[in-house]
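The values are calculated or read from the model by the stated rules, or taken from the named source; none is laboratory data. Predicted model, so just to flag it, every value in this text is computed and none were measured. Here the Cβ is made from the backbone with ideal geometry for all residues, glycine too, and neighbour counts use every protein chain on show.
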Amino acid sequence: MQVEWQIAPQKSWLGDAIVFFGFEKAENPLPGFGRFLNDGGTWLRHSAALQDFHGKLNEIAVFYAPPGDSAIPRIVLVGLGLPDGFESEKVKNAVAFACRKCGELGVNRIGLPLLAFDGLPLDAGIGLREALVGGLTGIHRFKELKTKDSGSSSEPGSIYILSETQPDPVLSGIPGIAQSEAAGIILARDLTISPANRATPGFLAETARDLGSRFGFRIETIDFESTVSMGMGAFAAVAQGSREPAHIVILEHAPSGTENDAPLVLAGKGITFDSGGISLKSRDGLEGMKQDMAGAAAVLGAFEVIGRMRLRKRVIGILPCTENMPGGKAYKPGDVIRSYSGQTIEVISTDAEGRMVLCDMLAYAADRFKPAAMVDIATLTGACIVALGGHAAAVLGNREDYTRSVQEIGGAVGERFWPLPLWELYFDAIKSDVADMKNVGDRSAGTIIGGMFLKQFVPREVPWVHLDIAGTAWTDKDTGAAPRGATGFGVRTLFELARRWPLGV
């Protein structure tokens, strides 16, 4: 779907439908909508049908202009619910539902007037960005493997941003940001929702190569045999149980003049199918373990945005990609593994494989790239779902200010994070009698223990944050901007973190 500006007086606006918003229990329409009713939409102001709209959250009403009475034949009014506790996410989801309704009606050109945001308790630029991201992502569906017509509605062709005056440079740049973010989210969703026999480690590597060819990223892949010779024992231990070739994928974005800058490193867990290994998972919901590479998908999605936005920062992505399978060569509970850092790990559960592959990536990235900071993102622990459900991800790190900044940046783009502590006393849970540490403790504080394990592989001088997105990478509920399935969570936070880097400057 295309996004374009239409700069013209209100009575000259063109489109097949215009979207406006309304609050629940509001005595009067929002100022921008009220202005429209008094000018170009007088036909609607006098319509009794308008009284049937109550503004409940995501309520949609379609009003049709009398023939020949308006250049805009439809007004789509979307409810934002009660104004108390208003968040920009409501705008994002509202526009997603509006665009879907337009698709059902066969509408091709959707008008989104800037005056629709008048009276909302948020900056117009933020509202526009969220609205566009919601509209573009909310209508997307993964259809690559369907061979029959699903009967779903058609996709509108374009969104016109309607303005009576020329927007300022900041506002005029927002559609480009929103379109780039939407493309990154859609890439991450499509990868995560793809079945494991399609989205293999090799497929993720090929996706990275495609990004490299389109945006000029330097791409490097490290095969299984090389990881063994390089001493990446923790990664190799997980990978050795699968017949599917494993890959470590490295993407480097270094625009001219930034090649020698200390980079921001983004590491994403890429377990393309997680059977649990010898510590085999229950059969219930096992098909969903194709999504255990959502962290890697989020990093690839972030690089899609970085490339489209031509970010002038050096950013490196590193993706440990493998299956976790119970083959004859699979690593076993009780094994002691030597990691890339030289530290030894007693394997208690082979189903704690995410931290095994990530620990080698963090140590390797710190050793090779001398980063300014590192972020890892992973569907790491079921305990995170127990603690936070599907509404927020966990954030943990070795610098309180860095952790807080990531939480604030995520919140600004509608991705919620909640901080958990990494106090040293938690390490007692993974002390081992035969190795430097165990890969799991008991069932208590599971998300914190996963973060504490990873912390052992990050040099003290390197700021580092761990994002556990186990509960937010997938949704079983259609929220509007995120239809049921993969969410692409983390793409916007990673990009925004890179865009604002270095923090505080």
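Only residues that are surrounded by fewer than 24 Cβ atoms within 10 Å (Cβ to Cβ) and within 19 Å of the chain's Cα centre (by Cα) were counted in segment 246-263, giving 0.
Residues that are outside the structural domain of A412 (by TED's automatic domain parsing) and more than 26 Å from the chain's Cα centre (by Cα) number at least 1 in the following helices (runs of 4 or more DSSP H) confined to segment 62-178: 88-105, 169-172. Against the list (1) within 18 Å of A373 (Cα to Cα); (2) out of contact with any strand residue (DSSP E or B) (no Cβ under 8 Å at 6 or more places or on another chain), the condition G327 fails is (1).
Within segment 405-428, being of a type outside the set (V, I, T) and in contact with a strand residue (DSSP E or B) (Cβ under 8 Å, 6 or more places away or on another chain) holds for Q407, G410, G411, E415, R416, F417, W418, P419, L420, P421, L422, F427. Among residues of segment 428-457 that are within 20 Å of M361 (Cα to Cα), those with a beta-carbon under 8 Å from a residue that is among the charged types (D, E, K, R) and assigned to a helix (DSSP H, G or I) at least six positions away or on a different chain give the pairs N439/R355; G450/R355; F453/R355; L454/R355; F457/D360.
Within segment 301-325, the set of residues being closer than 30 Å to L286 by Cβ and assigned to a loop (DSSP other than H, G, I, E, B) comprises M325 only. So in segment 326-370, with the set limited to residues that are in contact with a helix residue (DSSP H, G or I) (Cβ under 6 Å, 6 or more places away or on another chain) and in a loop (DSSP other than H, G, I, E, B), which one is farthest from G451 (Cα to Cα)? Here the answer is Y331. Among the residues making up segment 179-208, those that are surrounded by fewer than 24 Cβ atoms within 10 Å (Cβ to Cβ), outside any helix (DSSP H, G or I) and in contact with a helix residue (DSSP H, G or I) (Cβ under 8 Å, 6 or more places away or on another chain) are S194, P195, A196.
Of the numbered criteria (1) without any contact (Cβ under 8 Å) to a residue 60 or more places away in the chain; (2) in contact with a Gly (Cβ under 6 Å, 6 or more places away or on another chain); (3) surrounded by fewer than 19 Cβ atoms within 10 Å (Cβ to Cβ), the one E89 fails is (1).
To keep it simple, each residue is scored yes or no on (1) modelled with pLDDT of 95 or more; (2) more than 20 Å from P333 (Cα to Cα); (3) in a helix (DSSP H, G or I).
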residue: V238; (1), (2), (3): yes, no, yes
residue: G241; (1), (2), (3): yes, no, no
residue: I250; (1), (2), (3): yes, yes, no
residue: P255; (1), (2), (3): yes, yes, no
residue: A262; (1), (2), (3): yes, yes, no
residue: S279; (1), (2), (3): yes, no, no
residue: D284; (1), (2), (3): no, yes, no
residue: Q291; (1), (2), (3): yes, yes, yes
residue: A296; (1), (2), (3): yes, yes, yes
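Any residue in segment 466-475 that is assigned to a loop (DSSP other than H, G, I, E, B), closer than 30 Å to P255 by Cβ and β-branched (V, I, T)? Yes, segment 466-475 contains at least one residue that is assigned to a loop (DSSP other than H, G, I, E, B), closer than 30 Å to P255 by Cβ and β-branched (V, I, T).
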